[in-house]
Amino acid sequence: MVSLYERAQKVLSPVSSRSTTLGVSEGKGSYVFTEDGRKILDFASGVAVNNLGHNHPRVVEAAKAQIDRLVHGGHNVVYYESYVALAEKLVAISKLPTKVYFSNSGAEANDGALKLAKYVTKRPAIISFKNSFHGRTIGAMSITASNASYRKLYEGMMPSVYFAEFPNLANSPYPVTDGKTPQPYFDQFDEMFRSLIDPYSVAAIVMEPVQGEGGYVVPPKDFVRYLRELCDKYGIFLIFDEIQTGFGRTGHMFASEYFDVEPDIRTVAKGIANGFPLSAILAKEEIMDQWEPGAHGGTFGGNPVACAAALATIEVLEEEGIANAQKQGSYFIDQLHKLQEKYSFIRDVRGVGLMLAMEFKDTEKLTSQEILQTVIAQCLEKDLLLLSCGPKKNMVRFIPPTTVSIEEIDRAIKILDEVLSSL
Ligand SMILES: Cc1ncc(COP(=O)(O)O)c(C=O)c1O
């Protein structure tokens, strides 16, 4: 039998990098099933998308029912029930009076959020963070700084973007006391406003509340609160890119709840519809109301089937997913810490909820990157699917669905332990 991988090489662009050569035929819960009959424990969740596991029955049922009624209406043309009902739901779960704009992907939502911020503030500049990832369109890529290869040969991007240091306390060049942000991370903004950009020319500060690609970095709460104050002081919009952190991933509906800081604009995608392509910009009502008709748009945004799937997804998250993510997340991180005590080449274990990662350090025999590659390859041989992250490509991340069970976590830990012990 010619594998999907072999067929794909002939007809698909090589540009989209893939972390495996697996061909899958089905997915159910925490597992994917391959074309050659393997059952693989999936702790990658399609890169933090299947937050309720593969093909959750409630989501599939809602999508099928919607398909029978309306597949596409066009949100520039008509209104339809799942679209309005989902917006109502998103507003209801937002802390502040909010309005919603739907699009299709994370990058598209981020581009829209940048346009919204520029349009309403009438200011040109954006501040983003080093090691951030916001997507692959020109706009989103212009505020991304996690890997030079994403930008290679595309230079000359959106102008007036400034990058600040994101406080990664595990790798901080400054001494850290009581888990608090070292002062230079605060002072950098004064310096930036003195030497580079007038604060009143800044439309938005964009941040991932927990950096994803950049290494599952949870910033100290005082840093996030400081950004809120800074934005309030200068009339800058605070944008949270919650594309990876949203919809239960951190054990909360949104990571903003963990920090107890509300952004002015929030972008969401990935987990929102448990696998159907959908994204949204959620902005404070008074901001969204200033975005005039025609200033933004798109054909496929808010697809009826994706919206119906999202409504079902949010219901299940509220009923069980979020509580389970908190419970299993704290169990999982404890188990990872036990492995850290056992293996000296584990540099750090970090994360929040079910957004967890392990960072390696060099040994006499192996570099941390070699350790990572071996861990990912050998875990997959033992039917556990994991992804890497981090600017140095020396971290493995664990992003199981919020529906994961203790038995599945135990199985993953056992496989990981076997692989680590062989190094
Ligand atoms: C934090 C964050 N923002 C934006 C994106 C881009 O989303 P998409 O790939 O749907 O465009 C991603 C995807 O990994 C992400 O993790």
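What net charge is computed for the residues neighbouring Cys231, neighbours being all others with C-beta under 14 Å from the C-beta of Cys231, Lys and Arg scored +1, Asp and Glu -1?
+2
Please report the accessible area of Ile138 (heavy atoms, 1.4 Å probe, ligands and nucleic acids excluded) in Å², nearest 10.
100
Check Thr181: other-chain or 5+ apart residues with amide H under 5 Å from its amide H, H built from backbone geometry?
Asp222, Phe223
Given 0.36 nm per residue, what is the gain on full extension from Thr137 to Ser149 after removing their alpha carbon distance, in nm?
Value of the extension gain: 2.9 nm.
For segment 57-317, what does the accessible surface come to per residue with a 1.4 Å probe? Please give it in Å².
41
By per-residue mean of other Cβ atoms within 10 Å, what is the highest-first order of 248-254, 403-409, 99-105? The partial results should precede the final answer.
On the way: 248-254: 25.7, 403-409: 18.6, 99-105: 21.4.
Peptide ranking by packing, descending: 248-254, 99-105, 403-409.
Would you please classify the overall shape of the chain from the alpha carbon gyration tensor, given that a ≥ b ≥ c denote the square roots of the eigenvalues, rounded means a/c under 1.5, and beyond that prolate means a/b larger than b/c while oblate covers the rest?
Oblate shape, in that a/c is at least 1.5 and b/c is the bigger or equal ratio.
Rank these residues by their accessible area, most exposed first, probe 1.4 Å: Arg194, Arg228.
Arg194, Arg228
Cα centroids of segment 83-159 and segment 271-337: how far apart, whole angstrom?
With segment 83-159 and segment 271-337 each reduced to a Cα centre, they are spaced 15 Å.
Stick to Cα atoms and the Kirkwood definition of Rh, then tell me Rg/Rh for segment 104-228.
Rg divided by Rh gives 0.96.
I'd like to compare 11-19, 238-246, 325-333, 171-179: which one has the highest average count of other Cβ atoms within 10 Å, and what's the full order after that?
On the way: 11-19: 8.1, 238-246: 28.0, 325-333: 19.9, 171-179: 10.2.
Packing proxy ranking, top to bottom: 238-246, 325-333, 171-179, 11-19.
Compare the peptides 108-115, 2-9, 259-266 by average per-residue count of other Cβ atoms within 10 angstrom and give them in order, highest first.
Numbers: 108-115: 26.0, 2-9: 12.2, 259-266: 22.4.
Answer by packing, highest mean first, reads 108-115, 259-266, 2-9.
Applying 1/(1 + (r/R0)^6) with R0 = 25 Å to the Cβ-Cβ distance of Arg58 and Tyr79, what FRET efficiency is obtained, to the nearest 0.05?
After rounding to 0.05, the efficiency reads 0.55.
Might you report the magnitude of the Cβ-based charge dipole of the chain about its Cα centre, with Lys and Arg at +1 and Asp and Glu at -1, to the nearest 20 debye?
For the chain, the charge dipole is close to 720 debye.
What does the accessible area of Tyr154 come to, in Å² to the nearest 10, when a probe of 1.4 Å is used?
Rounded to the nearest 10, that gives 120 Å².
Using the basic label-point model (7 angstrom from Cα toward the beta carbon), what is the Glu318 to Gln188 distance in nanometres?
Result: 3.8 nm between the two label points.
The values are calculated or read from the model by the stated rules, or taken from the named source; none is laboratory data. It should be emphasised that the depicted structure is a prediction, and the values quoted were computed from it without experimental measurement. In this analysis, Cβ positions are derived from the backbone assuming ideal geometry, glycine residues included, and neighbour counts consider all displayed protein chains. Each accessible area value is taken on the protein alone, full model and side chains, heavy atoms only, with ligands, DNA and RNA left out. Shrake-Rupley method; radii C 1.70, N 1.55, O 1.52, S 1.80 Å.
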